[in-house]
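Note sheet for the following structure.
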Amino acid sequence: MSLRWFVLLFWGGLQFACQGTSGEIGPEATSPETSAVAQTAQQVEEGEPESPSQPVLSYTLRKGKQVYDRYCAVCHGAEGQGDGFNAYNLNPRPRDFTEPGFLSALSDEWLLEVIRQGGRGVKRSVLMPSYENTLSEAQMRDVVDYLRYLSQSGASRK
Ligand code: HEC
């Protein structure tokens with residue numbers, strides 16, 4: 001092969017190679033990247049979608065729920081129906097707080113007294129413990145609010 005042919009072929013090849021790459025450097029080449037950034041920004045703005053099945057509780061009720069779930073649910077049941085894990089060993093069994101009319105007939109003062117002194121202090125079953133030394137006055141009030149919430153939301157499901 002002569003040198004002239006070689007140069008011509010080389011030049012042709014170079015031209016072909018340049019054409020091949022130039023097509024990629026257009027606005028289309030960057031668009032998938034930019035749209036991904038835009039999508040992420042949109043997701044951050046909208047946040048996680050809320051689950052419609054979980055009611056949003058007030059701050060007080062959330063604090064009350066924390067106390068209830070930790071100390072009371074084991075006997076009184078997660079929904080206050082008197083069916084906690086421990087309830088089957090208790091005689092008398094805890095009452096169903098969602099029974100219409102039961103909790104609404106009891107005053108806040110009475111409920112606080114039962115929680116503070118336990119069953120023994122108010123001449124009820126000794127199986128209802130005293131929380132005088134465990135819970136603060138504020139926590140007892142929060143849990144009373146939560147009992148009322150459980151009672152109302154449970155009764156409305158019946
Ligand atoms: C070891 C099991 C147990 C735990 C834990 C427990 N209770 Fe009770 N509770 C009982 C029993 C049993 C009764 C029924 C007493 C009776 O009727 O004589 C009762 C009764 C009650 C009553 C009804 C009082 C009435 O006038 O009938 C309330 C209100 C109550 N508990 C609130 C609570 C709260 C709030 C907590 C958590 C801070 C709690 N209990 C934790 C066993 C428990």
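The values are calculated or read from the model by the stated rules, or taken from the named source; none is laboratory data. These figures come from a predicted structure and were not determined experimentally. Cβ coordinates were reconstructed from backbone atoms using ideal geometry, including for glycine residues, and neighbour counts include every protein chain displayed.
Observations, loosely collected:
- Just so you know, in segment 115-147 the residues that are near the ligand (Cβ under 10 Å from one of its atoms) and within 20 Å of Pro100 (Cα to Cα) include one that is surrounded by the most Cβ atoms within 10 Å (Cβ to Cβ), and it is Val143.
- Selection within segment 59-111 - loosely packed, with under 14 Cβ neighbours inside 10 Å, at pLDDT 95 or above and not in a loop (DSSP other than H, G, I, E, B): Tyr59, Arg62, Asp69, Arg70, Val74, Ser104, Ala105, Asp108, Glu109, Trp110
- Scan of segment 126-137 for residues that are without any contact (Cβ under 8 Å) to a residue 60 or more places away in the chain and aliphatic (A, V, I, L, M), ordered by number: Val126, Leu127, Met128
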